[in-house]
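Working notes for the structure below.
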Amino acid sequence: MVAPLTRTAPTPHRMPGRRRIGILDLVTKSPRNSLYGRLMNANLASIMPQVLAVWCEEAGHQVSYVCYTGGEDLLAELPDDLDVLFIGAFTQAAQLAYALSHLFRQRGAITVLGGPHARCYPEDAQQYFDYVLGFTDKSVVQEVLADCSQHRPMGRFIAADRQPSEMPSLQARWKFVEATLTKSPAIKFVPMIGSLGCPYTCSFCIDSTVDYQPLGFAQVSQDLSFLLTKMKHPIVGWHDPNFGVRFDDYMEAIEAAVPQGRMRHIAESSLSLLSEPHLQRLRRNGFQAILPGIESWFDLGNKSKTRRTGMAKVEQVADHVNMILRYIPYIQTNFVLGLDTDEGPEPFELTKRFLDLAPGAFPAYSLLSAFGRAAPLNLEYQRAGRVLPFPFTFLNNNHAMNVRPKNYAWPEFYDRLADLSRYSFSWRAIRRRLGATAGMIPKWMNVVRAMSSEGWGRIEYHTTIRRLLDEDRNVRAFMEGETRELPAFYAQRIRSDLGALYRHLPPGGTMHDQNAYLKSSAEAVPAVQLKPGRRPVRAAHTRESVTTPTLGPS
Ligand code: B12
Ligand code: SF4
């Protein structure tokens, strides 16, 4: 039976003593690191595990914090006599997290999962962790540490009613930030956040149900002033879901703390926020990379009819992107492929035309993915029986598409996907991108990304899947939803992703119920109900397709 997804009443406590706490941030799922991964993974570190480390130390506990970037020997880095192990994981790292939880439970630890996987697939994670956390604030952490007992076979789900209203300062997090940045040999991003949630309600987005909430612009200024005492010319990676919603307040906070030319920034922002006056100010303030979402040329369902679509949209967006490139050296444009609004060759061909018209943009493609409870729209896919039980390790928007496309047969879809990838990362496209990008680092990053796992690696991977669709009946049957039996190709990849930890993957930990959200939707699910009075969709950008951004010199 699945434990309810509401905050359960605290069980009677033992007196909390000083606990040995491990905090593990899994920014990658496997030790198989590409060159790009070795250079960049430490820059994908999450903020919450660092926040948690501060809260636990403030409460008097002994903390070992590790950001796993793929190169570390996890079993050597984490003490083996931990009382509690917190793991932060994206869904792609869920199986690694399950294996570690299993191992550390055997060693006597209590295990706790937080982060995107816990928010998206709590029912599944509860089978392998003592606690699974949704929104996490200080009181939730205190509750876990006070209770601190085994909850098996089903873990306890605990969540705050809303996102935390405050977080520790950068100064308080600094030693954890610094420890992670030492793992980044070349470029170093300092993770910062100034707001949570979003005022818009795009139905595919995890933030469509989370109220927009700035964390305090005075603290942003203080954090940036502090950062200047630690690094000469830092690069800040903003983790805000939609950076620039309160644009003027944000810019004032930066301008109050940072003399021009002293700091560089990367942010995810919607195109609608990137007007020319905003871009001028972003450039003055050192913004070097921006990651807007374009998603699709044919809309994402509930957009207004007056919006342009098709080639008209391509031309408009290409003009906009070219204008952005006059102010910001690096732009990654995010697309979602396989949406229900897409049909036939046109969406793919239009993306190629876009690349011709805006050759400086680095395209990041995401395969349509339904991450459990992430978005209300996922209920529709589950209701229609279109969600496939691809194991979590493949759910990173690239290694599998876990929603059967509405308007494409799989072979056609993969033909078009491989063709678009080849077009996007061909020598011709690489040369044109080089020519349209200013600055050595952006040029270099565009070439490296195209030639590494994100570009050429994906061409190879998608081509393999296309071949298997013809040659491997099991792969085809699995992708058609005819069987839940995992094809050998995928089973083998899980083994190689987990390496030596594979033997600790708990029984049942390979597959999951892809319709758990639908089955439990009659239960209380506060985090995913649309709130009345929220603003209608105006801007849309996606984080489905976020890949590591990069920076150039200012
Ligand atoms: C910023 C961001 C990034 C950044 C920073 C990533 C990072 N390590 O944090 C970058 C650009 C690197 C990135 C990369 C990717 N991202 Co991203 N990203 C986001 C974004 C926009 C905000 C996340 C955030 O920091 N929020 C602020 C924190 C404070 O809030 P929160 O995430 O809601 O966390 C709360 C709780 O979950 C909990 N919590 C969070 N972490 C932890 C850890 C512990 C130990 C505990 C106890 C609690 C806890 O406390 C928080 C406060 O309540 C989200 C969308 C969103 N709004 O959530 C997507 C999102 C998290 N990303 C997503 C994806 C798919 C990716 C990529 C796989 C994309 C790709 N193909 O490259 C990669 C994977 C990177 C990785 N580390 O594995 C998905 C995750 C889905 C899933 N279930 O896995 C999301 C939800 C977007 C979506 N598609 O809907 N991403
Ligand atoms: S897609 Fe962007 S604009 Fe839409 S709700 Fe999510 S964060 Fe907000």
| List Trp174, Trp444, ordered by accessible area with a 1.4 Å probe, largest first | Trp444, Trp174
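For Cα pairs less than 8 Å apart in space and 6+ apart in sequence, what is the mean separation divided by the residue count of the chain, i.e. the relative contact order in percent? Kindly include the intermediate steps, with their values, before the conclusion.
On the way: 1057 pairs, mean separation 93.8, N = 554.
Dividing the mean separation by the residue count of the chain yields 17 percent.
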| request: For n ≥ 4 DSSP H runs only, could you compute -39500 (n - 2.57) per run for the chain, divide by its residues and tell me the 222 nm figure to the nearest 500? | output: -11000 deg cm²/dmol
| task | Obtain the nm distance between the two label points defined at Glu315 and Met451 by a simple spin-label model: each point lies 7 Å from its Cα along the Cα-to-C-beta direction. | result | 3.7
| If the viscosity is 1.306 mPa s and the temperature 10 °C, what translational diffusion coefficient in µm²/s does Stokes-Einstein give for the chain when Rh comes from Kirkwood over Cα pairs? | 66
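Report the Rg/Rh value for segment 137-180, based on alpha-carbon coordinates and the Kirkwood definition of Rh. Before the final figure, lay out each step's value.
Values: Rg = 14.2 Å, Rh = 12.9 Å.
My calculation puts Rg/Rh at 1.10.
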| remark: Ranking Trp444, Phe413, Ile87 by how far each Cα lies towards the positive end of the charge dipole of the chain (+1 on Lys and Arg Cβ, -1 on Asp and Glu Cβ), the top one is Trp444
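Which pairs, out of Lys183/Lys232; Lys29/Lys230; Lys188/Lys443; Lys188/Lys352, put more than 22 Å between their alpha-carbon atoms?
Working: Lys183/Lys232 18 Å; Lys29/Lys230 31 Å; Lys188/Lys443 17 Å; Lys188/Lys352 32 Å.
Lys29/Lys230; Lys188/Lys352, as the Cα separations exceed 22 Å there.
Can you give the convex hull volume per residue for the Cα atoms of segment 147-241, as a whole number of Å³?
Values: hull volume 17.4 nm³, N = 95.
Hull volume over Cα atoms, normalised by residue count, gives 183 Å³.
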| HN-Hα J couplings of segment 433-441 from phi, Karplus 6.51/-1.76/1.60, θ = phi - 60°, integer Hz, Gly and Pro as x? | 5, 4, x, 8, 10, 9, x, 5, 5
| Pulled fully out, how much extra length does the chain show between Glu412 and Ser496, if you take 0.36 nm times their separation in residues and subtract their Cα-Cα distance? | 27.4 nm
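Shape of segment 76-212 from its Cα gyration tensor (a ≥ b ≥ c, root eigenvalues): rounded if a/c is under 1.5, otherwise prolate when a/b > b/c, or oblate? Each step should come with its number before you reach the end.
Values: a/c = 1.63, a/b = 1.15, b/c = 1.41.
Because a/c hits 1.5 or more and a/b fails to exceed b/c, segment 76-212 counts as oblate.
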| task | Take the alpha carbon gyration tensor of segment 262-412, find the square roots of its eigenvalues, order them as a ≥ b ≥ c, and report rounded if a/c is under 1.5; if not, report prolate when a/b exceeds b/c, else oblate. | result | prolate
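Take every Cα-Cα pair in segment 346-450 and report what % of them are more than 22 Å apart. Walk me through the intermediate numbers first.
Values: 2399 of 5460 pairs.
Tail of P(r) above 22 Å: 44 percent of Cα pairs.
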| remark: Which residues qualify? For Ser64, with a placed amide H closer than 5 Å and at least 5 residues away or on another chain, they are Ile21, Gly22, Ile23
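Where both partners of a DSSP beta bridge lie in the chain, what percent of those bridges are antiparallel, to the nearest 5? Working shown, then result.
Values: 3 of 46 bridges.
Here the antiparallel bridges make up roughly 5 percent for the chain.
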| Glu276 versus Ser165, label points 7 Å from Cα toward the beta carbon: distance in nm? | 4.2
| Qualifying GluC sites (Glu not before Pro) in segment 250-355, DSSP loop, other Cβ atoms within 10 Å at most 16 | Glu343
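Assuming R0 = 35 Å, what is the FRET efficiency of Arg484 and Glu346, from their Cβ-Cβ distance, to the nearest 0.05? Can you show the working numbers first?
Working: r = 34 Å, r/R0 = 0.96.
Once rounded, the FRET efficiency stands at 0.55.
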| request: Please report the relative contact order for segment 124-251, taking Cα pairs under 8 Å with a sequence separation of at least 6, and give it as a percent rounded to a whole number. | output: 22
| task | Would you mind checking which residues have amide H under 5 Å from His239's amide H? H placed 1.01 Å from N; only 5 or more apart, or other chain. | result | Met192, Ile193, Gly194
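So what is the accessible area of segment 40-109 per residue, in Å², with the probe set to 1.4 Å?
On the way: 2070 Å² over 70 residues.
With all protein chains present, segment 40-109 gives 30 Å² per residue.
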| note | Length gained, Met323-Ala218, 0.36 nm per residue minus C-alpha separation, equals 34.7 nm
| remark: Computed ³J(HN,Hα) along segment 361-370: with the Karplus parameters 6.51/-1.76/1.60, θ = phi - 60°, integer Hz and x for glycine or proline, the list is 6, 8, x, 10, 9, 10, 7, 3, 9, 10
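The values are calculated or read from the model by the stated rules, or taken from the named source; none is laboratory data. Nothing here was measured: the structure is a model prediction, and the numbers come from that model. In this analysis, Cβ positions are derived from the backbone assuming ideal geometry, glycine residues included, and neighbour counts consider all displayed protein chains. Quick note on the areas: whole protein, heavy atoms, side chains included, nothing else; ligands and nucleic acids left out. Shrake-Rupley method; radii C 1.70, N 1.55, O 1.52, S 1.80 Å.
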